[in-house]
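Where a number appears in this text, it was derived from the coordinates with a stated rule and is not lab data. Quantities reported herein were computed from a predicted structural model and do not represent experimental measurements. Glycine also receives a Cβ, built like all others from the backbone with ideal geometry; neighbour counts cover every protein chain displayed.
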């Protein structure tokens, strides 16, 4: 879909959304249509939603909406979020066997059961959370299919949270090919939260990875190694789905400066963060959580607004990223963990804090922390992190953050 095909008045649209939500914009359009043609069939009235622009997801050849709904929350009791997402063409739904204790997938299954015709319009992604071997991957897949009332998953991440490209084994390759042959999945890939540049670069050399979901935001865009890895995947025609797009706040004076700058341009700081990622045409999709209508509509508004960021806008992001790097973990755990005598899962500790402090996902934070082996969790407070802190490119206070995590989750 041509991104210029649905021009909108940026400032008026965003002001309306900010005040009352996209529902008001929709309602106004429907009332006008009703007044002009009161005898129109109901179905035609419901087609007043501006749809998401689309991009091709790499070698899959499939056109997908550039905004994905990250469903890490319990959607069993929030079916309205799925309904509104579908209305606006946000039909790329990202879930996992482990999200919300399974209630993410169960909720999607409930929605599909009530609206069976919608399945053909959805692009569903799920993940083999916590799988340790091929049998686990198969079992997770079967469970996900059953929960979601579907006989196939569009894109399946056989590894959720890849940290070492060596885990992309020939056995996993064979399983992916077999799952496709059985028509249980259409495409195969993985997500990655740590050592992302190395994972992306490694995958770019393989011919059987269709798509990858790495963390990618205005902070990570500053990293030269990450840029090289993204370029390698782009040249290999691997579809890229960006997660952790908004690169959480670290509560400094710089936060206010950033917010004020973009509000003067007519959109929020969060919306600007979505824009800067999607202006990188190598990224097919930006995946953002939307556990309530307000968050969902703000993200939709950011995408539907066609205004591009200026160089001055990008300079503000660059300056902010450099000024606040000490509050953000970039996922380069191979650096800090090599400075420690034993593997202590520093990246998992940082992810748990990110979910808890920045996204309000307390259950997901505790689950992430609980995935650290108990023997390692018991030693977290008895380790000298000085060497790791010295090597950290972000200059994170690792010891203090580990202590914070232990106090919250142990």
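Taking each residue as 0.36 nm, the span from residue 371 to residue 169 lengthens on full extension beyond its C-alpha to C-alpha distance by 70.5 nm. Ranked by the mean number of other Cβ atoms within 10 Å of their residues, highest first, the peptides 133-145, 188-200, 80-92, 310-322 fall in the order 188-200, 80-92, 133-145, 310-322. Can you list the residues of the range 362-402 with backbone N under 11 Å from a point 7 Å past the Cα of residue 408, pointing along Cα to Cβ? Inside the label zone: 362-366, 369, 401-402. All distinct Cα pairs of the range 39-185 go into the 1/r average, and the inverse of that average, the Kirkwood radius, is 16.3 Å.
Using 0.36 nm per residue and subtracting the Cα-Cα separation, the extra length available between residue 294 and residue 208 on full extension is 27.1 nm.
Sorted on the mean count of surrounding Cβ atoms within 10 Å across their residues, most packed first, peptides 362-369, 373-380, 178-185 read 362-369, 178-185, 373-380. A Förster distance of 25 Å, applied to the separation of the beta-carbon atoms of residue 390 and residue 236, puts the FRET efficiency at 0.10. Once both labels are modelled 7 Å past Cα along the beta-carbon direction, what's the residue 312-residue 280 spacing in nm? Modelled inter-label distance: 2.5 nm. Would the range 50-317 count as rounded, prolate or oblate if I go by the C-alpha gyration tensor, calling it rounded below 1.5 in a/c and otherwise prolate when a/b exceeds b/c, oblate otherwise? Cα axes put the range 50-317 in the oblate bin.
With R₀ set to 41 Å, the beta-carbon distance separating residue 121 from residue 257 gives a calculated FRET efficiency near 0.50. Distance between the modelled labels on residue 378 and residue 322, one decimal in nanometres: 4.7 nm (7 Å Cα→Cβ projection). Note on residue 338 and residue 399: the extension gain reaches 20.4 nm, defined as 0.36 nm multiplied by sequence separation minus the Cα-Cα distance.
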